[in-house]
Amino acid sequence: MPDDWNSYLCNVNDELASVRVNLGLRAKVPDPGYAWLLWVWVYLKQPRTDGLSSGEEAQALWSLEDALVAALANCCSAVLSGCITTCGRREFYFYGSSANGFEHEVSKALRGSGYQFDCDKQKDEGWTQYLNVLFPSEEQRQVIENRRLMDLMKERGDKLEGTREVSHWVHFKEKNGRMAFWNAVEGSGYRVVQEFERLNDECPFWVVLARRQKMASAAMDEAVLELFRKSKTNNGEYDGWECELVAEQVEPKEKPVGDSGSYRRSRFS
């Protein structure tokens with residue numbers, strides 16, 4: 001199974017939750033060969049006041065996860081699909097080809113850890129827990145993709161300080177949708193850099209917008225989510241953003257889209 005782990009914050013059952021999920025599984029599921037949902041809830045010893053885990057327990061929780069992954073892979077051919085930390089517990093969700101020996105192996109893996117835990121299992125042939133609970137919404141994925149690119153820029157020496165011009169790429173099914181979108185966002189300080197058509201695209205009418213803005217994560221998320229929502233309202237798709245890399249070293253580990261001094265965050269599938 002492919003690995004592509006990422007995390008995000010959200011509310012689960014009206015409680016703050018930190019979700020860590022293997023996005024790489026999405027293209028492979030639902031997988032009928034892994035029809036058993038197996039879950040283990042481990043109760044934290046030192047939760048934060050908001051119910052999330054503290055740094056003091058981080059290493060112990062990683063060790064517990066490693067033990068569970070090894071044990072359940074052996075007995076049930078299980079794969080870890082994601083974890084939810086909320087309300088003073090960490091919930092591990094596996095999918096296995098069987099549930100044979102599940103409870104026994106969990107007890108053995110956690111024996112001597114000092115942690116209280118619950119575990120259970122059920123058939124989930126449609127992978128509903130993964131798709132409907134663990135997997136992020138479209139808006140949550142926008143935030144995840146923003147963080148990926150900003151982390152990559154930091155790796156290349158960009159401190160993401162001050163303001164700079166950021167370009168956003170959006171495309172629409174109809175030309176009228178593109179115009180309505182522009183009417184909805186023109187008061188937010190953007191200017192149109194380019195309009196063009198790619199007639200073979202499902203959404204062929206493109207526009208590139210730009211404005212100067214802060215490079216803080218919260219500011220970028222706010223800008224992207226505004227454009228994402230307004231593009232959806234007008235039968236469009238938000239396709240990502242691009243800005244100049246401000247750092248002494250600009251040779252990237254991964255080749256950016258655009259010129260060698262800029263990074264672009266493209267739409268995901």
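Miscellaneous remarks
- Distance-filtered residues of the stretch 56-92 - backbone nitrogen under 11 Å, label point 7 angstrom along Q140 Cα→Cβ: 83-85
- One way to sum up the overall shape of the stretch 71-179 is the equivalent ellipsoid from its Cα gyration tensor, whose semi-axes run 41, 21, 12 Å, largest first.
- Within the chain: Cβ-based charge dipole about Cα centre, in debye rounded to nearest 20 (Lys, Arg +1; Asp, Glu -1): 220 debye
- Pairs beyond 22 Å (Cα-Cα), from K159/K214; K28/K232; K154/K232; K159/K232; K28/K173; K154/K214: K28/K232; K154/K232; K159/K232; K28/K173
- Put in order of Cβ neighbour count within 10 Å, fewest first, the listed residues C75, C10 become C10, C75.
- Ellipsoid semi-axes for the stretch 5-134, based on the Cα gyration tensor and the rule √(5λ), read 22, 19, 12 Å when sorted largest first.
- For the chain, convex hull volume per residue from C-alpha positions, Å³: 161 Å³
- At an R0 of 35 angstrom, the distance between the Cβ atoms of W5 and N176 translates into a FRET efficiency of 0.30.
- With the cut-off at under 12 Å, measuring from each backbone N in the stretch 62-80 to a point 7 Å along the Cα-to-Cβ line of K28 picks out 78-80.
Coordinate-derived values only; no laboratory data. In this text, all values refer to a predicted model and were calculated from it rather than measured experimentally. We place every Cβ from the backbone using ideal geometry, glycine too, and count neighbours over all the protein chains shown.
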